[in-house]
1. Tell me which of Val129, Gly109, Pro54 sits at the most positive position along the dipole axis of the range 54-130, charges placed on C-beta atoms (Lys, Arg +1; Asp, Glu -1).
2. Anything over 26 Å Cα to Cα? Flag those among Lys29/Lys96; Lys93/Lys127; Lys69/Lys93; Lys29/Lys93, in the order listed.
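What follows is calculated from the coordinates using simple rules that are stated; it is not laboratory data. This structure is a prediction, so every number in the text was calculated from the model and none was measured. Neighbour counts are summed over all protein chains in view; Cβ atoms, including those assigned to glycine, are modelled from backbone coordinates with ideal geometry.
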Amino acid sequence: MKQRAIEPEWIDDCFVADNPFRYCIYLDKEAGGFRVVDAQLREPYQVYLFDNGPDYPQDGRYRIRLDGKIGFADEETGAIVVAPVYDCAFPFKDGKASVGYGCKNESDGEHRWWSGGHWQMIDVRGKVVE
């Protein structure tokens, strides 16, 4: 896990006794972008950005990034539940997500999309399904 160099002044508000969450998402105005940290200010993964902010949870999961790959974390605990091994991944819908290896991110300057690669469906635990 990566250690944060600068401690946000208000980060203690995230880690109070009655807070069930192990992680805190905050906007790092100094370095830019959203960050996820634990109580020791370690970054277990990066936030997957979607629509100018953190990914929206769907089916109890949200997308994360780690070492350039995409995985999923639990909406309630923040724990990684599907390892970040995919090059591309759509959000879950009805308990399934379309994930891909070898796909490429493309853009026309305004919109972004994925193309190519090998795609498959997974369930919320990361098991390949039909």
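1. Most positive-ward Cα: Val129.
2. Lys29/Lys96; Lys29/Lys93
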